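One structure is given here, and the rest of the page talks about it.
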Amino acid sequence: AHSAFAEILRDDEGDRDRYAWHRAAATIGTDDDVADLLAASASRAISRGGYIAAATALERAARLSCSEADRARRLVEAAAAACVAGQRARALALLGEADGAVHDVQVRIEAARVRGVIESQHGSPAVATRIFLDAAAEAYDVDRGQALDLVTLAQEAAGLAGVHEAVLEFGAWADRFGVGETTEEEIMLGLVRGFAAIAGGDRAGAAPSLARAAELGTLVEEPRLLVWSATAAMFVGDDLR
């Protein structure tokens, strides 16, 4: 029956998601083509904010994937979507299932990022700080932007935890990154340098970095960057920005 429905929907662009799910329901065992169809369905769900639907599609795609690498990658992607959707227990279960099968460094880093976010929000922000910084160290030679994102997440977690011993480490990370290569990087580095200086007692030294991050906020639209820029503006007393 599912195969028959899939045939009816095969050429209907408006029913691509139903087609993918009917194909999946008709599949016994593994099938990479069907797994790819569900992964594409997940991407469409994410584009409209449907993270629960995306997590479900990616989890099923993982089960249908022929290779261990693809299966582990999709389990981590499903965990990331479940995390955004607020399904913490489901995200942790998916990560646990992927453990031991993740050999790709970027997939391993993404898994650590999801664990860190969950730990920061529902567990120990101090533990999350360490998870993020360890992942950033692994990411630095692979993806500079990903490493910087992890450092900023670590700094947020450290602020929640009051982990003052991490201050010097954040300063060292800022020095390691040097000058931002994009507007987004400049904003993030401004926050890292500025808050590291504040935590170290140097408020005057923090002002230029934070003021620059606040100024650059007018050039971006990504919500997280806007929040960081607004936070920087608040610390330098620029309430009108």
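The values are calculated or read from the model by the stated rules, or taken from the named source; none is laboratory data. Since this is a predicted model, take the numbers as computed values, not measurements. Cβ coordinates were reconstructed from backbone atoms using ideal geometry, including for glycine residues, and neighbour counts include every protein chain displayed. With ligands, DNA and RNA removed, areas are computed over all heavy atoms of the protein, side chains included. Shrake-Rupley method; radii C 1.70, N 1.55, O 1.52, S 1.80 Å.
Quick rundown of the values:
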quantity: Tabulated pairs, the range 213-241, first farther than 18 Å from D149 by Cα, second at pLDDT below 85, C-beta under 7 angstrom, 6+ apart or interchain; calculated: A233/R241
quantity: Selection within the range 7-44 - open to solvent by 40 Å² or more (accessible area, probe 1.4 Å) and of a type in the set (D, E); calculated: E7, D11, D12, E13, D17, D31, D32, D33, D36
quantity: The one condition in (1) within 12 Å of the chain's Cα centre (by Cα); (2) open to solvent by 40 Å² or more (accessible area, probe 1.4 Å); (3) in contact (Cβ under 8 Å) with a residue 24 or more places away in the chain that R71 fails to fulfil; calculated: (1)
quantity: Scope the range 1-58; condition of a type in the set (D, E) and closer than 22 Å to A93 by Cβ; matching residues; calculated: none
quantity: Test set (1) over 19 Å from A139 (Cβ atoms); (2) open to solvent by less than 20 Å² (accessible area, probe 1.4 Å); (3) touching a residue at least 40 places away in the same chain (Cβ under 8 Å) - F195 fails condition number; calculated: (2)
quantity: Inter-residue pairs, beta-carbon under 7 Å, first over 19 Å from V227 (Cβ atoms) and in a loop (DSSP other than H, G, I, E, B) and in the range 141-163, second at pLDDT 90 or above and not hydrophobic (A, V, I, L, M, F, W, C), 6+ apart; calculated: V142/Q106; D143/Q106; V163/T129
quantity: All helices (runs of 4 or more DSSP H) inside the range 16-67 with 2 or more residues being farther than 18 Å from A1 by Cβ, in contact with a helix residue (DSSP H, G or I) (Cβ under 9 Å, 6 or more places away or on another chain) and hydroxyl-bearing (S, T, Y); calculated: 32-47, 51-64
quantity: In the range 98-107, the residues that are farther than 12 Å from R74 by Cα and assigned to a helix (DSSP H, G or I); calculated: V105, Q106
quantity: Candidate set from the range 78-90 (those that are open to solvent by 70 Å² or more (accessible area, probe 1.4 Å) and touching a residue at least 24 places away in the same chain (Cβ under 8 Å)); member that is farthest from R115 (Cα to Cα); calculated: V84
quantity: The range 221-241 - residue that is among the hydrophobic types (A, V, I, L, M, F, W, C) and surrounded by 17 or more Cβ atoms within 10 Å (Cβ to Cβ) and, of those, nearest to the chain's Cα centre (by Cα); calculated: L225
